[in-house]
Amino acid sequence: MRLVRRLVVLARRRVVAFNELWRHSLQFRVTISTLALSAAVVFVLGMVLQNQITERLLDTKRKAAVEQTQALADTAARELVGVGGESPDALHTRLENALKKISTTSASPTGSTAGTFEPVLASVGHDQADADPVFVGPFTSVPVRLRQFVEGGNLARVEHTVSENNATTTYLIVGTPLSSVASPLQLYLLFPLTSEQNTVSTVQNTLLVGGLVLLLLLAGITNLVVRQVVRPVRQAAAAAEQFAGGDLEQRLAVVGEDDLAKLAVSYNGMAASIQRQIRQLEEFGGLQRRFTSDVSHELRTPLTTVRMAADVLHASREQFPAGLARSTELLVDELDRFEALLGDLLEISRLDAGVEELSAEYIDVRPIATRAVEQVRVIAGTAGSSVELILPEEDASAEVDARRVERILRNLLGNAVDHSEGKPVQLTVAVNETAVAVTVRDRGVGLRTGEADLVFNRFWRADPSRNRRTGGTGLGLAISQEDARLHGGVLDAWGELGQGACFRLVLPRHQNVPIEENPLRLPPPDATPEITLSPSSVLEVQPAPDAILADRDPERDSDREEVGR
């Protein structure tokens with residue numbers, strides 16, 4: 001039983017290895033296909049040749065045997081002239097003498113053209129017309145149907161197998177009546193087909209060995225030919241991988257002027273064009289990042305001066321008229337937002353330049369989430385929303401940069417408060433063996449189809465006319481997504497109109513360890529599946545009562561229809 005299991009396991013491994021090699025190796029696939037088709041052709045050709053050779057040998061044997069039988073029948077008829085009235089012993093003696101004469105004739109150099117044979121004479125006396133015939137000769141196993149056919153006056157032949165002493169021999173038996181004698185006699189010659197069978201066996205072995213050698217030669221030739229074609233393709237694939245990995249100087253060697261050489265020339269031209277475009281984009285990106293960084297730095301000096309002046313005015317606002325005091329407060333608020341915008345521009349430029357480093361340490365994420373909630377609680381209270389915090393009981397430690405994670409959560413919470421429509425905002429933390437996940441769920445206006453991928457674009461807003469409560473710069477979600485990628489995690493979003501939105505942050509618990517499973521679902525469990533009506537469904541809409549229409553607030557209704565992401 002163990003041996004059978006081992007054989008089954010070994011067979012499965014071989015099958016799996018064959019499937020892998022078949023899928024990944026064009027050379028192996030073409031070689032095996034050519035070998036299989038060639039084997040089919042060789043098999044058919046071998047069968048045709050074997051049948052033709054066998055038929056030719058047997059046909060030659062049959063013709064020679066018939067001619068030999070006819071010639072010896074004349075000899076036997078001359079020897080048996082007058083047979084018919086003798087006693088059984090005398091008849092038997094004359095038949096034996098006739099067989100000796102036939103054998104002597106066949107032993108002469110020109111006597112037998114069909115090879116060796118064994119003669120048999122069959123006789124039925126006049127008073128024994130219905131009795132079994134008397135066979136004179138070494139064999140008495142003449143087939144009954146052949147004997148009956150010959151007794152009817154016809155010359156016939158048949159192939160018959162005889163078993164003697166645990167040995168099987170096939171004979172070609174040719175029978176003819178001796179019509180020139182008074183008593184009904186038949187002459188049968190048994191020609192052994194041993195030499196023909198040996199010849200056929202030799203031909204079969206020759207065809208088998210020749211076919212196997214031919215298949216091996218075809219497999220080797222196919223492998224060499226395919227290798228000549230596949231090798232440049234493999235070199236092109238390796239060069240493409242190195243080029244995609246950042247080695248922009250990688251090129252293919254051009255040998256000859258054939259199709260593969262044209263492929264190499266085309267690839268080199270494409271690579272050179274892509275290299276030029278990448279270099280141009282890198283230069284343009286570098287100029288853009290440097291411009292953003294320089295402008296942000298240069299604006300800090302006048303911003304500091306304006307900030308000092310605004311602070312002086314803000315401190316003396318009670319001495320100003322009501323309109324001027326309000327202008328002073330608006331000036332300070334916009335300066336705060338402008339300063340935050342400059343900070344975000346500097347941060348996004350450093351992220352684009354790839355100079356940001358992750359100061360990760362193994363800490364608990366739950367206190368970070370608590371601090372982020374406390375920082376936005378005042379803003380949420382102003383907006384009329386409450387922030388619910390759901391933390392796991394078990395340890396939620398991970399290798400993260402606390403400052404960046406807190407900034408991500410703060411941006412997500414501020415964004416949720418902006419679009420919560422005064423409804424509660426929920427922050428949930430969950431953990432498993434490989435990842436820590438945080439979701440921020442609001443039940444505001446939600447997102448339209450396709451907007452979940454656009455919310456992370458810089459300065460993107462679904463409804464620019466919508467009032468913002470947190471004074472965001474439009475870069476918060478873009479910076480948050482870059483911070484998540486810097487950790488090796490992912491930040492994604494979900495939303496449906498009327499059901500709100502949910503943002504999920506998933507971070508690995510250990511750097512360079514892949515995330516196997518997300519601890520939190522997206523869409524969230526409380527999301528209502530979208531209902532699709534079939535064409536046959538009938539939806540009846542009842543008009544609202546006049547009293548209800550009169551109580552509606554147009555401004556509030558229009559605000560609900562907006563999507564503010």
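Structure notes:
- For the stretch 352-377, filtering for residues that are assigned to a helix (DSSP H, G or I) and modelled with pLDDT of 70 or more leaves 13.
- Filtered residue count, the stretch 58-75, keeping only those that are touching a Ser or Thr at 6+ places or on another chain (Cβ under 7 Å) and either in contact (Cβ under 8 Å) with a residue 40 or more places away in the chain or more than 16 Å from Ile102 (Cα to Cα) (or both): 7
- Filter result for Asp132 (modelled with pLDDT under 75, part of a helix (DSSP H, G or I) and surrounded by fewer than 17 Cβ atoms within 10 Å (Cβ to Cβ)): no
- Some residue of the stretch 214-233 being closer than 15 Å to Gln27 by Cβ and of a type in the set (Gly, Ala, Ser): yes
- Residue in the stretch 475-484 that is buried (at least 20 other Cβ atoms within 10 Å of the Cβ), under 24 Å from Val365 (Cα atoms), modelled with pLDDT of 90 or more and not hydrophobic (A, V, I, L, M, F, W, C) present: no
- Residue match in the stretch 182-194 (condition: surrounded by fewer than 16 Cβ atoms within 10 Å (Cβ to Cβ) and of a type in the set (Val, Ile, Thr)): yes
- Among residues of the stretch 26-53, those that are surrounded by 14 or more Cβ atoms within 10 Å (Cβ to Cβ) and among the small types (Gly, Ala, Ser), counted: 3
- Breaking point among (1) in contact (Cβ under 8 Å) with a residue 24 or more places away in the chain; (2) part of a loop (DSSP other than H, G, I, E, B), for Val255: (1)
- Members of the stretch 258-294 found to be at pLDDT below 80, closer than 22 Å to Ala238 by Cα and surrounded by 15 or more Cβ atoms within 10 Å (Cβ to Cβ), listed by number: Leu260
- Flag if Val455 is modelled with pLDDT of 85 or more, β-branched (Val, Ile, Thr) and in contact with a helix residue (DSSP H, G or I) (Cβ under 7 Å, 6 or more places away or on another chain): no
- Test: Arg300 is in a helix (DSSP H, G or I), modelled with pLDDT of 85 or more and among the basic types (Lys, Arg): no
- Cβ-Cβ under 8 Å pairs, at least 6 apart or on other chains, the stretch 1-25 side assigned to a helix (DSSP H, G or I), far side modelled with pLDDT under 85: Leu21/Phe28; Trp22/Phe28; Trp22/Arg29
- Residue, farthest from Pro524 (Cα to Cα), within the stretch 426-461, restricted to residues that are among the acidic types (Asp, Glu) and surrounded by fewer than 22 Cβ atoms within 10 Å (Cβ to Cβ): Glu433
- Identity of the residue in the stretch 106-124, surrounded by fewer than 17 Cβ atoms within 10 Å (Cβ to Cβ) and at pLDDT below 65, that ends up farthest from Gly152 (Cα to Cα): Pro109
The values are calculated or read from the model by the stated rules, or taken from the named source; none is laboratory data. Predicted model, so just to flag it, every value in this text is computed and none were measured. In this analysis, Cβ positions are derived from the backbone assuming ideal geometry, glycine residues included, and neighbour counts consider all displayed protein chains.
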